[in-house]
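Encoded as structure tokens, the structure appears first; notes follow it.
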Amino acid sequence: MAEQVQARNEARMLGGKQEKSIDLRKPPRRGETIIQTLLFICGFISIFTTVGIVYVLGQESLRFFASDEVSLVEFFTNTIWQPVIGEFGIIPLVNSTMMVTIIALVVATPLGLAMAIYMSEYASERVRAVLKPGIELLAGIPTVVYGFFALTFVTPLLRDLFGRDVVQIYNVLSAGLVVGILVTPIIATLSEDALSAVPSGLRQASFGLGATKWETAINIVVPAAFSGIVAAVIVAMSRAIGETMVVALAAGASPAFTFNPFMPAETMTGHIARISGGDLSYNTIDYNSIFAIGLVLFFITLTLNVMSRAIVRRFREVYE
């Protein structure tokens, strides 16, 4: 009996050695090793840069909140932002930012989704090859051009429609509409990728049951690509929140707490651009406030990205 157990153990050891000796992978090539190393370096630089940004924002923000003139509670609850008189309430800046973002999403979401459905379900390969790069070209236009477009074309148009006494020269609505045009290519391209990833078998099954192309697109393809569409909208939302030049030129420089889209209001990014462009001394209360606003903006964007990943994980459809 002992001899059988010993023989069995020796056989297992030999079998293990044979399994370890079998390696089906090709020996690493020098080019692949270099590419892998470069990709690792790029990833490390990205993480290091993010950590560095958070460190700088946090360090300078601590100097801002350490001042006797600033209260952390008032910073998040006060509705007045007037550094000249010692009022540091970020709510007006956040409110203006969210107003511009909501208007932009109201414009960009239906337009971008309609473009994506057309390119994915209706357009031929030739039309898609021309239309998609043309849409993506909108994202390559400098944002300062969009800002002057909002100020010189959209704002006069709104004043002619609603009245010059109602719509101010600098207003939130004009900035929001143009930011919506700016982020439309993001929703269109990302949503089109998500719709195109839906297996064609689902479309064929829907057609076989007698559904039209429109019914198939709305009832089958769009729900199947829901996670990708929501992720595209959240990415566009992050882009709208971080937009600077359009709101700096078109929304105005008045940090007023208002819900009237026809009135001027200053966003977080617009305020940072305006203040940082002035003559500020280092380590002053105004100078350090820029980093506090930037830190809030960073955490808002981070929260949106985390939400996007959670939604994609929750509603992702896996097809085999």
> Can you name the residue in segment 122-147 that is among the hydrophobic types (A, V, I, L, M, F, W, C) and surrounded by 16 or more Cβ atoms within 10 Å (Cβ to Cβ) and is also farthest from residue 174 (Cα to Cα) among such residues?
Replying inline: 123
> Which of the residues belonging to segment 235-268 are surrounded by 24 or more Cβ atoms within 10 Å (Cβ to Cβ) and hydroxyl-bearing (Ser, Thr, Tyr)?
Replying inline: 267
>> Pairs please, first residue from segment 274-292 and at pLDDT 75 or above, second anywhere and part of a helix (DSSP H, G or I) and among the acidic types (Asp, Glu), Cβ atoms under 6 Å, 6+ apart in sequence or on different chains.
In response: 288/60; 291/60
> What's the number of the condition residue 50 fails, among (1) among the polar types (S, T, N, Q); (2) at pLDDT below 85; (3) over 30 Å from residue 258 (Cβ atoms); (4) surrounded by 12 or more Cβ atoms within 10 Å (Cβ to Cβ)?
Replying inline: (2)
> Looking at residue 231, is it out of contact with any strand residue (DSSP E or B) (no Cβ under 6 Å at 6 or more places or on another chain) and either over 29 Å from residue 114 (Cα atoms) or buried (at least 18 other Cβ atoms within 10 Å of the Cβ) (or both)?
Replying inline: yes
>> Just the residues that are among the aliphatic types (A, V, I, L, M) and loosely packed, with under 13 Cβ neighbours inside 10 Å, please, taken from segment 195-221.
In response: 209
>> Quick check on residue 166: is it more than 17 Å from the chain's Cα centre (by Cα) and either modelled with pLDDT of 90 or more or surrounded by 13 or more Cβ atoms within 10 Å (Cβ to Cβ) (or both)?
In response: yes
> What are the residues in segment 128-152 that are of a type in the set (Phe, Trp, Tyr) and closer than 21 Å to residue 112 by Cβ, if any?
Replying inline: 146, 149
>> If I go through segment 148-163 residue by residue, how many of them are among the polar types (S, T, N, Q) and exposed (fewer than 13 other Cβ atoms within 10 Å of the Cβ)?
In response: 1
>> Looking only at helices (runs of 4 or more DSSP H) that lie completely in segment 191-259, which have at least 1 residues being closer than 30 Å to residue 295 by Cβ?
In response: 226-241, 245-250
> Residues in segment 154-161: is at least one under 15 Å from residue 180 (Cα atoms) and either at pLDDT 85 or above or part of a helix (DSSP H, G or I) (or both)?
Replying inline: yes
>> Take the conditions surrounded by 10 or more Cβ atoms within 10 Å (Cβ to Cβ), touching a residue at least 24 places away in the same chain (Cβ under 8 Å) and small (Gly, Ala, Ser) and apply them to residue 67. Does it pass?
In response: yes
> With (1) in a loop (DSSP other than H, G, I, E, B); (2) in contact with a helix residue (DSSP H, G or I) (Cβ under 7 Å, 6 or more places away or on another chain) as the list, and residue 295 as the residue in question, which single condition is left unmet?
Replying inline: (1)
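The values are calculated or read from the model by the stated rules, or taken from the named source; none is laboratory data. Quantities reported herein were computed from a predicted structural model and do not represent experimental measurements. Virtual Cβ from ideal backbone geometry, glycine too; neighbours counted across all protein chains shown.
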